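Have a look at the structure below, then the notes.
The values are calculated or read from the model by the stated rules, or taken from the named source; none is laboratory data. Because the structure is a prediction, the values reported are computed rather than measured. Quick reminder, even Gly has a Cβ in these numbers, built from the backbone with ideal geometry, and neighbours come from all protein chains shown.
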Amino acid sequence: MQRFAEFIFAAAALAILLPGSAQATGPRVTTALFSPDKNEVHAVDFPPFVTEEVVDGGPISEIVRIALKRAKLDAVITTHPLKRMVRYYLLQEDALAVMGWHFQFSKEQRKQLIFVPISGLSEKFFYYKPAYPNGLNLNEAGNLKGKHYGAHKGEEKSYFAKAGAEVHFGRTITMLKKLRQGDLDFICAPPQSVEWLVDRYMPEEKGRFISTEAHAEHQVYFIVFNRKHPSGEVAAEKFKQALSAMVSDGTSAAISKKHFGDSDNGKMFLRRLETFK
Amino acid sequence: MTPASAADYKTVKPEKVGLSSERLKNMDRLIDGYVERKQIAGAVVMVARKGKVAYFKASGLADVGKPMQRDTIFRIVSMTKSITSTAIMMLYEQGKLLLSDPVSKYIPEFRNQKVLVPLPEGSAFPYKLVPVKREVQIRDLLAHTSGILYLFLNDVYSNPGRKMVVDLYKEAGITDGFCRPDEEIGDMVKRLARLPLYAQPGEVWDYGLNSDVLGYLVEVVSGMKFDAFVERNIFNPLKMHDSHFYIPKEKLPRLAAVWKSDWHGDLQRADEKPIMAGDLCLNPSDAEALSGKYLAGGANVLSTVYDYFRFAQMLLNGGQLDGVRLLSRKTVELMTATNHIGAHEAEFLHSKGWKFGLGFAIQQDREHPVDSGDVGTFEWAGIYSTRFSVDPKEEKITIFMSQTNPFGHHFELWDKVLVQSASAIAD
């Protein structure tokens, strides 16, 4: 879990160095269940980073929410089960911003968007141990032929397709279930997500989803502001400054530590809200 | 009306309750004909009147080499819905909720819902999402006017908007619950609530996953698991000892098999694999699970004809049976009122003239090709071919249970069963 804290610092550098547009991926966020605000930031459920199931909506939600507040941006984060709903709100309803990763936008669409990196994300390849008791070697492309790979929508998949793997898309939890059923051979996901989802939905399978030695590319989790929104450009600039300040003064790291720290308190923040009596 | 008792398994001579034994032989001939022609493997049929069971017969096979018995256990699937509605109405009577309450009061994910409106072909985006004019209320869930869909009806009533909503359901891992997913009902409901509705609440009658949402609502409002609530408050008081969400191991031998029929004599016992047809997924093997997480208020229950008779008799008695009161007479009257869905027709099992109350369809007039009973008769059915019908005016209950797929073939048989039941009245 310390890795996440490192990525927060990396994000600081990214936020300062990267130009206003970059490639990204995306889910959408909104915790606005009780008051429909004027400005909306949409994200896909991405437990435990962005989810209404944990305290404070998960670490990325909390970072974004505090940054919005410090930037004096009146906006609320709403989460959705599907990425294409996030895209809908961004591209059809000109929402202020969306959050996510593995975004795929056309060149034309990217012109209207301002990408601000929130955090680096480390992904790993996972397989189901009972299906591969001796491990699964993904280091050589030759081993991929005929394998079934579970990908997130928007994920770069050409390498696997070229190597002869059949690529299937789905939500992370669906893919984990398909791994268990034998419908997939391997998937790529952040270890924190896999750990949280297995604990949440199939605790009896703990320890059976194994990460391989093969490295997946590091990803970046973005907030993407919309130039078509009347406040989009100004909001992006204010948000960037607020986020940089949060990284400099240690707020982001503190949030990360709060959620992912090794102490009992850290674990508490990732507990499902429903488990608090 | 004196509350009827149905405490035992005894049957009475049909004449004692104003039915004709001679005419009920037509029911024997009807069912035997379907079994002999191998259209169905077997069935259990009951006709009860004035609280007494006058006709109760098992025919054919429950499974390969196993005769159908009167206590055979069936997957009653959508006949679960009336039980779920009863659970909600009990909470309503306890003052825990109002039917006019927005569902979001209890399940916050229902706030700020949108309705999907398809855009003309060639538009830059296939649809737009518009805010609901009013929130989905509990009554919408009971009466199927919420705008929430079933996936499988995409094959029956296909149109672009329905297909788009169903595609979103599928992508989000929403199922009809007939192939039980490996999750808790609340997980499904919370995702469903954040997907677009098919229509504005109150502006459509569309049979959908509403009772499944109600099952979760029972959990939220009562603080109990849905199955535990139903067992404690409905199954146990009504002595429905063979009704379960998950079957006890010792009762597995009594579970009927599901049969696939082409309705022309090709009858095969369904194997272990799910039955897939378009957007419909049925998994008969789910009923063999001894435990599970998914508690579907629209589909989960396994029961017998006799148990369901006790439940139906409770409703016919105005909410009580054998001295145990579950609901008040006024609440049952509310559940069986015909004006909950306004000008819409509940055209799914029936033709026009049938309305939907708070858990079942109700006959509003008698202008139908099939005369299955009087105005006020209420009914519903299950997708493996089960059906119940309660005629309050004649104090008559008819229950048919088989386990045959596909569903669509059975309308004719069900209608004929109801005709035989009605035409046996001899007083």
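Does at least one position in the stretch B:264-284 carry a residue that is buried (at least 22 other Cβ atoms within 10 Å of the Cβ), over 26 Å from B:VAL204 (Cβ atoms) and either in the same structural domain as B:ASP415 (by TED's automatic domain parsing) or among the charged types (D, E, K, R) (or both)?
Within the stretch B:264-284, one or more residues are buried (at least 22 other Cβ atoms within 10 Å of the Cβ), over 26 Å from B:VAL204 (Cβ atoms) and either in the same structural domain as B:ASP415 (by TED's automatic domain parsing) or among the charged types (D, E, K, R) (or both).
Among the residues of the stretch A:149-171, write down those that are within 11 Å of chain B (Cβ to nearest Cβ) and either closer than 18 Å to A:ASN137 by Cα or outside any loop (DSSP other than H, G, I, E, B) (or both).
A:PHE169
So is B:LEU295 part of a loop (DSSP other than H, G, I, E, B), crowded, with 20+ Cβ neighbours inside 10 Å and not hydroxyl-bearing (Ser, Thr, Tyr) or not?
Considered against the rule, which asks whether it is part of a loop (DSSP other than H, G, I, E, B), crowded, with 20+ Cβ neighbours inside 10 Å and not hydroxyl-bearing (Ser, Thr, Tyr), B:LEU295 comes out as yes.
All but one of (1) polar (S, T, N, Q); (2) crowded, with 19+ Cβ neighbours inside 10 Å; (3) within 30 Å of B:GLY51 (Cα to Cα) hold for B:SER261; which doesn't?
For B:SER261, the failing item is (3).
Just to be sure I understand the filter: pairs with C-beta atoms under 7 Å, separated by 6 or more residues or on different chains, first member in the stretch A:76-103 and within 9 Å of chain B (Cβ to nearest Cβ), second member among the polar types (S, T, N, Q). Which pairs pass?
Qualifying pairs under 7 Å: A:THR78/A:THR30; A:THR78/A:THR31; A:THR79/A:THR30; A:THR79/A:THR51; A:LEU91/A:GLN109.
When you scan the stretch A:227-246, do you find a residue that is closer than 30 Å to A:PHE160 by Cα, under 21 Å from the mean Cα position of the chain (by Cα) and at pLDDT 90 or above, even just one?
Within the stretch A:227-246 (the criterion being closer than 30 Å to A:PHE160 by Cα, under 21 Å from the mean Cα position of the chain (by Cα) and at pLDDT 90 or above), the answer is no, since none of the residues qualifies.
Output the strands (runs of 3 or more DSSP E) that fall wholly within the stretch B:43-144 and possess 1 or more residues being surrounded by fewer than 24 Cβ atoms within 10 Å (Cβ to Cβ) and within 22 Å of the chain's Cα centre (by Cα), or say none.
B:52-63
Whether any residue in the stretch B:260-279 is aromatic (Phe, Trp, Tyr) and on the phi < 0 side of the Ramachandran plot is what I want to check.
no
Take the stretch B:376-411 and flag every residue that is closer than 21 Å to B:LEU142 by Cα and in a loop (DSSP other than H, G, I, E, B).
B:GLY376, B:THR377, B:ILE383, B:PRO392
Can you pull out the residues in the stretch A:99-124 that are surrounded by fewer than 21 Cβ atoms within 10 Å (Cβ to Cβ) and closer than 20 Å to A:ARG180 by Cα?
A:LYS124
Among the listed residues B:LEU358, B:LEU334, B:LEU327, which satisfies the condition of being aliphatic (A, V, I, L, M), modelled with pLDDT of 90 or more and in contact with a His (Cβ under 7 Å, 6 or more places away or on another chain)?
B:LEU358
Using the structure shown, decide if B:SER243 is free of Cβ contacts under 8 Å to residues at least 40 places away in the same chain and surrounded by 14 or more Cβ atoms within 10 Å (Cβ to Cβ).
No, not satisfied.
I'd like to know if the stretch A:174-196 contains one or more residues that are part of a strand (DSSP E or B), of a type in the set (Gly, Ala, Ser) and within 30 Å of B:GLY186 (Cβ to Cβ).
Yes, the stretch A:174-196 contains a residue that is part of a strand (DSSP E or B), of a type in the set (Gly, Ala, Ser) and within 30 Å of B:GLY186 (Cβ to Cβ).
Regarding B:MET68, is this residue touching a residue at least 24 places away in the same chain (Cβ under 8 Å) and either farther than 30 Å from B:LYS10 by Cα or within 14 Å of another protein chain (Cβ to nearest Cβ) (or both)?
No: the conditions fail for B:MET68.
Taking helices (runs of 4 or more DSSP H) that do not extend beyond the stretch B:172-231, which have at least 3 residues that are touching a helix residue (DSSP H, G or I) at 6+ places or on another chain (Cβ under 9 Å) and aliphatic (A, V, I, L, M)?
B:185-193, B:210-222
Check off (1) away from chain A (no Cβ under 14 Å); (2) more than 26 Å from B:THR86 (Cβ to Cβ); (3) buried (at least 21 other Cβ atoms within 10 Å of the Cβ) for B:PHE235 and give me the number that stays unchecked.
Looking at each condition in turn, B:PHE235 falls short on (2).
Taking the options B:VAL221, B:VAL301, B:VAL324, name whichever one is among the β-branched types (Val, Ile, Thr), in the same structural domain as B:THR386 (by TED's automatic domain parsing) and more than 20 Å from the chain's Cα centre (by Cα).
Selected residue: B:VAL324, the only one of B:VAL221, B:VAL301, B:VAL324 that is among the β-branched types (Val, Ile, Thr), in the same structural domain as B:THR386 (by TED's automatic domain parsing) and more than 20 Å from the chain's Cα centre (by Cα).
So the check is Cβ under 6 Å with 6+ separation or different chains; which pairs have a first residue in the stretch A:212-231 that's under 19 Å from A:GLN92 (Cβ atoms) and a second one that's at pLDDT below 90?
Close Cβ pairs satisfying both conditions: none exist.
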